[in-house]
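Worksheet: one structure, shown below.
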Amino acid sequence: MFERIDGMRTIEFGTPGASREKLVNLILHGQKRATAGLLIGDYESEGEPIEHVGELLAIVDNDVKHVGTMKVTRVEVLRFADVPDELALAEAEGDMNAADFRASHLAYWTRVGESVTDDTLIVTVYFDLLPEITRS
């Protein structure tokens, strides 16, 4: 289970280091509005429940410092093959459509040791940054 800050679950983006720094900056600058994780690899294996609409999550940086708060606006569990273009664009990681998303995320998940097929279930989380709680 992830730790809690100010009563909220924390959420970490990407892997520690430059990847996490880039993703957190995209969020804090209003570009990144969605994320995706593997149902088995990121949730079930860590004993972490799926986010729910309305949930507030503490965004943490590489030092596990609370740098912002996000509010979950939509959650879907989809087959990897069924990811929509909308998610690719909302993630703001450079993917312009679902095919780009699948290629880049397959490469990432393979690099970190996960096995992904068209039928692999992923959790997609759309969110809003709460600017009044953003921390510097």
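The values are calculated or read from the model by the stated rules, or taken from the named source; none is laboratory data. As the structure is a computational prediction, the values presented were derived from the model and not from experiment. Note that we place each Cβ from the backbone using ideal geometry, even for glycine, and neighbour counts take in every protein chain shown.
Tabulated values for the structure
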read-out: Test for Ile50: is it surrounded by 14 or more Cβ atoms within 10 Å (Cβ to Cβ), within 14 Å of the chain's Cα centre (by Cα) and in a loop (DSSP other than H, G, I, E, B); value: yes
read-out: Segment 1-47, residues that are over 14 Å from the mean Cα position of the chain (by Cα), surrounded by fewer than 14 Cβ atoms within 10 Å (Cβ to Cβ) and over 17 Å from Val75 (Cα atoms); value: Met1, Glu3, Arg4, Asp6, Gly7, Gly17, Ala18, His29, Gly30, Ser45, Glu46, Gly47
read-out: Search result, residues across segment 90-120 that are outside any loop (DSSP other than H, G, I, E, B), of a type in the set (A, V, I, L, M, F, W, C) and either surrounded by 15 or more Cβ atoms within 10 Å (Cβ to Cβ) or touching a Gly at 6+ places or on another chain (Cβ under 8 Å) (or both); value: Ala90, Ala98, Phe101, Leu106, Trp109
read-out: Selected residue (only one of Val125, Val116, Val75 is of a type in the set (Val, Ile, Thr) and under 19 Å from Val24 (Cβ atoms)); value: Val125
read-out: Selection within segment 1-11 - assigned to a strand (DSSP E or B) and farther than 20 Å from Leu121 by Cα; value: Arg4, Ile5, Met8, Arg9, Thr10
read-out: Sole residue being without any contact (Cβ under 8 Å) to a residue 24 or more places away in the chain, assigned to a loop (DSSP other than H, G, I, E, B) and not polar (S, T, N, Q), chosen from Gly30, Gly14; value: Gly14
read-out: Residue that is modelled with the lowest pLDDT, among those in segment 121-133 that are surrounded by fewer than 16 Cβ atoms within 10 Å (Cβ to Cβ) and outside any strand (DSSP E or B); value: Glu132
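Residues are listed down the side, and each one gets a yes or a no for (1) free of Cβ contacts under 8 Å to residues at least 60 places away in the same chain; (2) within 23 Å of Ala103 (Cβ to Cβ); (3) touching a His at 6+ places or on another chain (Cβ under 6 Å):
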| residue | (1), (2), (3) |
| --- | --- |
| Met8 | no, no, no |
| Glu46 | yes, no, no |
| Leu57 | no, no, no |
| Asp82 | yes, yes, no |
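Residue-by-condition table, conditions (1) over 18 Å from Thr15 (Cα atoms); (2) over 15 Å from the mean Cα position of the chain (by Cα):
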{"position": "Val77", "(1), (2)": "yes, no"}
{"position": "Ala81", "(1), (2)": "yes, yes"}
{"position": "Ala92", "(1), (2)": "no, no"}
{"position": "Met96", "(1), (2)": "yes, yes"}
{"position": "His105", "(1), (2)": "no, no"}
{"position": "Trp109", "(1), (2)": "no, no"}
{"position": "Thr124", "(1), (2)": "no, no"}
{"position": "Leu130", "(1), (2)": "yes, yes"}
